[in-house]
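Only one structure is covered here, and it is reproduced in the block below.
Please treat every number below as a calculation from the coordinates, not as lab data. The structure displayed is predicted, hence computed values, not measured ones. Reconstructed Cβ throughout: ideal geometry from the backbone, glycine too, with neighbour counts over all protein chains shown.
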Amino acid sequence: MPLREQVFVREQGVPAELERDARDPHCRHALATTAAGQVVGTGRLLPDGHIGRMAVAAPWRKRGIGGLMLEALVTEAVRLGFTEVVLNAQIDAVDFYLRHGFAPQGETFIEAGIRHQTMRRSLVPKHA
């Protein structure tokens, strides 16, 4: 939670009451830590197949941590039997999710004062 508060509340100005919700205990969480145990990345998979709360500490961005966490969450979704995963990407992160096999769906929208795009990734193998 401290990393999410740093990224979402302090850096991006998301109201703290929107960042905290009652869903965390029901989610699968991905954490990236340093060798010393410092949390530098986080994300979650909700019971309905949505991925959210993806955040990487500023000094650790652009090092592949977000991609590793995202793929860990996708792997967990496959293990749980989901046929797709969905997320609401901040517009600045759309290209990141495109590189990881997500496709935009629908129109952009504003959430917590930030423009977002719903994106989906099928987990069903395509047959030739």
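Loop-resident trypsin sites (Lys or Arg not before Pro) (DSSP state other than H, G, I, E or B) in segment 78-128 with no more than 11 further Cβ atoms inside 10 Å of their Cβ: K126. Computed extension length for R20-T75: 17.3 nm, one decimal, from 0.36 nm per residue of separation with the Cα-Cα distance subtracted. Placing a pseudo-label 7 Å from each Cα along the Cα-to-Cβ vector at Q12 and A103 gives an inter-label distance of 2.5 nm. With angles folded into 0 to 90 degrees, how steeply does helix 65-79 sit against the dominant principal axis of the chain? Use alpha carbons for both and round to 10. Taking Cα atoms only, the helix is inclined about 50 degrees.
Taking amide H as placed 1.01 Å from N in the peptide plane, R20 has no amide H partner under 5 Å among residues 5 or more places away or on another chain.
In this simple spin-label model, placing a label point 7 Å from the Cα along the Cα-to-Cβ direction at both F96 and L31 gives a separation of 2.0 nm.
The charge dipole of the chain, taken about the Cα centre with unit charges on the Cβ atoms of Lys, Arg (+1) and Asp, Glu (-1), comes to about 400 debye, rounded to the nearest 20. Please give the net charge around G43, taking every other residue with its beta carbon less than 10 angstrom from that of G43, where Lys and Arg add +1 and Asp and Glu add -1. Every neighbour counted, the sum reads +4. Rg/Rh for the chain stands at 0.95; both radii use Cα atoms, and Rh follows the Kirkwood definition.
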